[in-house]
Amino acid sequence: MGDDLPPVLAHDRNVRPSEYEPREDEIGPVDFLAVEFPDGRIGAADLRELLSLVSQGTIRILDAEFIVKDAAGNARKADAAELGEPDTGIGAWSGASSGLLDDADVEHVSAAIRPGSAAAVIVYENRWILRLADGWRRSGARLIEDGGIPVDDLVAALDAAERS
């Protein structure tokens, strides 16, 4: 889309879906991931694909928390810069927390990670759905529900289907 074109609004029914660009105030479904890094370090490659999804506009990061658990099992929030070498660029994540994750969320993740590990908890918005949803809205459809399926439940269901 050229820079000289005005932003396309969701209610404009004369716009083809491929021309639609979500506005900043539009919000897509929000999910989170908690990922454990067993050696307590997060490298540049560990976040590269995540950052690629952000730069493509596929997702938007809403919150990021980092948690470390020492060998004795004591967990605490950590600054991103503590978890990687300076040349990895992880320091860019310092101060990325927006406060969406509360102490109970951090405690829940802390209980799941192993001693000597670090975890990244990322809350992200799925921006990719906005263009699709806009096309549906313009055709008169409405979203009546959305949700997720925990990976463990999906694997169990697939395993059960495979056995039958």
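Read the figures in this text as sums done on the coordinates, not as results from a lab. Computed from a prediction, not measured in an experiment: that's the story for all the values here. Here the Cβ is made from the backbone with ideal geometry for all residues, glycine too, and neighbour counts use every protein chain on show.
With a cut-off of 17 Å on the backbone N, the residues of segment 122-163 near the modelled label site 7 Å out from V54 along Cα-Cβ are 122-128.
Phi-derived couplings, Karplus 6.51 cos²θ - 1.76 cosθ + 1.60 at θ = phi - 60°, listed residue by residue for segment 123-137: 9, 9, 9, 7, 6, 4, 6, 4, 5, 5, 4, 4, x, 5, 4 Hz, with x used for Gly and Pro.
Once the Cα gyration tensor of segment 112-164 is found, what semi-axes does its equivalent ellipsoid get, as square roots of 5 times the eigenvalues, in whole Å, sorted largest first? Intermediate results must be reported in sequence, preceding the final value.
Details: eigenvalues 209, 101, 11 Å².
So the three semi-axes of segment 112-164 are 32, 22, 8 Å.
Counting only Cβ charges, +1 for Lys and Arg and -1 for Asp and Glu, the dipole size of segment 28-128 around its Cα centre is about 140 debye. A cut-off of 5 Å between modelled amide H atoms, ignoring neighbours fewer than 5 places along the same chain, links L62 with V123, Y124, E125. Think of segment 28-128 as a dipole: +1 on every Lys or Arg Cβ, -1 on every Asp or Glu Cβ, centred on the Cα centre; then among V106, V35, V68, V35 lies furthest on the positive end.
Using 1/(1 + (r/R0)^6) with R0 = 25 angstrom and r between the beta carbons of A72 and V35, what's the FRET efficiency to the nearest 0.05?
Values: r = 22 Å, r/R0 = 0.89.
E between A72 and V35, to the nearest 0.05, is 0.65.
Considering only alpha-carbon pairs that sit under 8 angstrom and 6 or more positions apart, the relative contact order computed for segment 28-128 is 51 percent.
In segment 28-128, one over the average inverse separation of all distinct C-alpha pairs is 13.7 Å, which is the Kirkwood hydrodynamic radius.
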